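Chemist: Here you go, one structure.
The values are calculated or read from the model by the stated rules, or taken from the named source; none is laboratory data. On a predicted model such as this, the values are computed, not experimentally measured, just so you know. Cβ: placed from backbone, ideal geometry, glycine included. Neighbour counts: every protein chain shown.
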Amino acid sequence: MSEQARAWAAAAAVPDPEVPCVTVAELGILRWVEMRGAVAVAGVSPTYSGCPATAFIEMAIEAALCQAGFEARIERVLSPAWTTDWISDEGREKLRAYGIAPPEGPAGKAALFSAPEVSCPRCGSRDTAQISAFGSTACKAQYQCRACAEPFDYFKCI
Ligand SMILES: [Zn+2]
C-alpha cells in the first residue's frame, strides 16, 4: 500500500463525532489526503456552517493520521461547499440502520428552515411529522412517525 493510500485509510476511518455510525469519508467531509513530502495533508470540508463539530472532526482526523505514523496537516476546503448530496450510498444506508433518516433533496439553505417530507427510517412510512426543528444536534431535526410512532432524527439537507 502506498503512503498516500495508507494515510487515506487512516483518515477515512474516523467516525463522525455526532453520528458515530458513519465515517468522515462516507459523509463526504474528508475530501482528499495527499502526501506533501513527509507530511500527510487532509482536505476537510465543514458541513453545516457553525457546526461545532468541524474543529473536533479536524482534530480527530489529524490524530488518526498521527497515530498511523504520519506528520499531519489539515486544510479546510471551503469550495465547492459540502452538501448532503456527497453522503455516499453506504453512508445513507448506515444512517437509516442507525435510526436516522438520511437527507432527502432538494438540497439548499431553505431546506434547513422548512420541514421536508421525510420517510421513517424504521418502517418507511412517509406519514411523519416534524416535532422540533432541532434534534440532538443543530444538524438534525426531530421527527415522529405517525404509522409506527417511532421518534427519529432527520439529517437535514443542505
Ligand atoms: Zn415508522
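Chemist: Take region 1-42 and flag every residue that is within 30 Å of Ala141 (Cβ to Cβ) and either among the small types (Gly, Ala, Ser) or touching a Gly at 6+ places or on another chain (Cβ under 7 Å) (or both). Spell out how you get there, then give the answer.
Modeler: Taking region 1-42 first, the residues within 30 Å of Ala141 (Cβ to Cβ) are 11-31, 42.
Correct list: Ala11, Ala12, Ala13, Val22, Ala25, Glu26, Leu27, Gly28, Arg31, Ala42.
To keep it simple, each residue is scored yes or no on (1) touching an Asp or Glu at 6+ places or on another chain (Cβ under 9 Å); (2) more than 16 Å from Ala9 (Cβ to Cβ); (3) buried (at least 20 other Cβ atoms within 10 Å of the Cβ).
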position	(1), (2), (3)
Val39	yes, yes, no
Ala42	yes, no, yes
Ser45	no, yes, yes
Ala55	no, yes, no
Cys66	no, no, no
Ala72	yes, no, yes
Trp82	no, yes, yes
Ile87	yes, yes, yes
Glu90	yes, no, no
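Chemist: Residue check: is Ala133 out of contact with any Phe, Trp or Tyr (no Cβ under 9 Å at 6 or more places or on another chain), of a type in the set (Gly, Ala, Ser), farther than 20 Å from Glu93 by Cβ and at pLDDT below 90?
Modeler: no
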